[in-house]
Every structure is written in structure tokens, then in C-alpha cells.
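Just so it is clear, none of the values below were taken in a lab; they were calculated from the coordinates. Every value quoted in this text rests on a predicted model; they were computed, and no experiment measured them. Positions of Cβ are generated from backbone atoms using ideal geometry, with glycine treated the same way; all protein chains shown enter the neighbour counts.
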Amino acid sequence: MNDNAIFVQIKYFSGIKFFKFCFFMRSYILAENNWHNLKDSKPDLAILPWGATEAHNYHLPYSTDNIEAEEIVYRSAEIAFKRGAKLIVLPTIPFGVNTGQTDILLNINLNPSTQLSILKDVIQVLDRQGIQRFLIFNSHGGNDFKPLLRELGLQFPKMFLSVADFYKVLDKRDYFDIDGDHADEMETSLMLHLRPDLVLDKKYWGKGKEKKINLKYFDENWLWTERKWSKVTSDTGIGNPEFATREKGEKYFLDLTEKVGDMFYELCKTDMGYL
Ligand SMILES: [Zn+2]
């Protein structure tokens, strides 16, 4: 679980000049790690970023949720790792529950029952190898892991199973002017900070206007039905991105990863009592 320096030399046939440079493998990221480095170590905590592949208004990429989950987890894991936490980030699951968006082109749906199967297989490996602390880091509102973790907790009683939704970590009203929940000011700002090369010019940004069912109990948040996406929004967005800026995204990202990094560290170090 150490940072490994990898040195690369480029020699020219002339023998006169050569370049030598190095980069650091991030050993808390499984996809960058290797058997040589990992075989004698055992992390305390495994983190699984989980996103979705779906349209985000006209202007953000289909991979928005995956980029958000991955970048937040990588930065937060680095913070915890540098404080001495032993943790490993598993590869991101790129598909989420999109059952309400079947008629939006190439929105890929993974049913909750499929998610349960994936989780069972991943957790079985961790359980067998004694990596008992597990966290799903979720970036997609359609994913609901609580009932799945309840069921898996019965099957794997030695495992500590947990889930965090990144968009609930901070109060968005402290950072953004207009609230929303999909391709909104927050997500657009975040993507302008993380991957500005994948954000279309502002002239393409839709208004993200949501059409609601005219029944007050939905607004009181105790009556729920799944939204049929193409009926509630014309541009696939919910929440106006108009006032999004890179600066807002950067500030939100820094505060968010500091808090999440602290949570990762505490999850590794805290005595859970029954583990
Ligand atoms: Zn999103």
C-alpha cells in the first residue's frame, strides 16, 4: 500500500541525449496497482464508486456521474491515505438504475436485482479475504442501495456494509444559486472544474425546467412515484444550470473531498465494536 515511483527512460540511438522521468502509481486505486505491491498488504476499507450512463441536459457528457464519483473518491482517498489510512478504491461501476428513462437514447439501465447480484459477488470476495469494511460511493439519484445492503447484511454478517451519496454531503444552497437534481448548476459547475473539455458551450445549455404532477403531497416528500423522464423534462435536465461556473465547482469539490476524505479515514480507523 505504498506509493511506488515508476521510472521511465527514453534513450536515443545517438547515445547523446536521453530523458528520464518518473510518475507515481496511486496505490490506493486498484486499477493502478499491481500484484507485486499488493500481495503482502490488506486494506481495512474497500470503496466502490457507482455511477450511471445517461443524458445530462444537452451539454454534459453521458459519463457525468461516473466522472464525479471517480474524481471525488480518488481525491478523498488520497487525503485519507496520506493520513495513514489503508484503503483501496475498486473500479467504478458505470451503469445505474434508469428504469424511468427507457425512451431516452442510450440511457443504459441496470435493474436493482442486477445490482444486487453484482454486489453479492464483490462482497463475497471481500468477505472471504477478510476485508470487512465496504463502502459504496454513489453519484446517481436513481440508485437506491439501502434495501440491497440490508439483504446482503443478512448473508454476510461479518461485513460492515455502508453507502454514501455525494450530493448529500454538503448543503448545496451554500454553494449554488438554483437548486436542481440532474445536470443542474451544481453538476455543471463540477464538470466545468473537473472536465471542462467535455462541457458544451453555454449557448447549448437547456433550462432544465421540471414539469410536476399537480398534487401537493409529492412536494411534501411523503408520496412518491417514479418520474417518467421524457414527460417531466424536455432537455433531460432538472435544475437550471445558468449560473454555473468553474470557480463554484472548484470550491464545492475542495470542501466536499475534504469532508469525504475525513469520513474515509474515520471508516478505516474507528472501532466498529462488532468487527
Ligand atoms: Zn448526474
Inset, instruction - Find out how many positive minus negative residues lie around Thr102, taking Lys and Arg as positive, Asp and Glu as negative, among other residues whose Cβ is under 13 Å from that of Thr102. - result: 0
Legend entry - Computed FRET value (nearest 0.05) for Asp121 with Lys228, which takes r as the C-beta separation and R₀ as 25 Å: 0.20
Inset, instruction - Would you mind ranking Thr64, Thr225 so that the residue whose beta carbon has the fewest other beta carbons within 10 Å leads the list? - result: Thr225, Thr64
Inset, instruction - Using the structure shown, select from Lys42/Lys269; Lys216/Lys251; Lys42/Lys146; Lys86/Lys172; Lys172/Lys251 the pairs with a Cα to Cα distance greater than 23 angstrom. - result: Lys216/Lys251; Lys42/Lys146; Lys86/Lys172
Legend entry - Paramagnetic label zone (point 7 Å from Cα along Cα-to-C-beta, Leu215; backbone N under 17 Å) in the range 172-205: none
Legend entry - Ranked packing of 149-162, 170-183, 248-261, most packed first, by mean Cβ within 10 Å: 248-261, 170-183, 149-162
Inset, instruction - Would you order His36, His59 from fewest to most other beta-carbon atoms within 10 Å of each residue's own beta-carbon? - result: His36, His59
Inset, instruction - Grab the alpha carbons of the range 159-275, take their convex hull, and tell me the volume per residue in Å³. - result: 163 Å³
Legend entry - Separation in nanometres of the label points that stand 7 Å from Cα toward Cβ, at Arg150 and Tyr58: 4.3 nm
Inset, instruction - Take every Cα-Cα distance within the range 20-152, group them into 10 Å bins from 0 onward, and report for each bin the whole-number percent of pairs it holds. - result: 11, 38, 32, 15, 3, 0
Legend entry - Share of Cα-Cα pairs in the chain lying beyond 32 Å, as whole percent: 32 percent
Inset, instruction - May I ask you to give the average projected area over all directions of the convex hull of the Cα atoms of the range 87-201, in nm² rounded to one decimal? - result: 9.2 nm²
Inset, instruction - With an 8 Å cut-off on Cα pairs and a minimum separation of 6 or more residues, tell me the relative contact order of the chain in percent. - result: 22 percent
Inset, instruction - Would you kindly calculate the mean projected area, averaged across all directions, of the convex hull enclosing the Cα atoms of the range 23-80, in square nanometres? - result: 5.3 nm²
Inset, instruction - Classify the range 236-275 as rounded, prolate or oblate from the Cα gyration tensor: take a ≥ b ≥ c as the square roots of its eigenvalues, call it rounded if a/c is under 1.5, otherwise prolate when a/b beats b/c and oblate if not. - result: oblate
Inset, instruction - Collect residues whose amide H, placed 1.01 Å from N in the peptide plane, falls under 5 Å from the amide H of Leu110; neighbours closer than 5 in sequence don't count. - result: Gly96, Val97, Asn98
Legend entry - Residues of the range 153-190 with amide N under 18 Å of the 7 Å Cα→Cβ point at Met272: 153-165
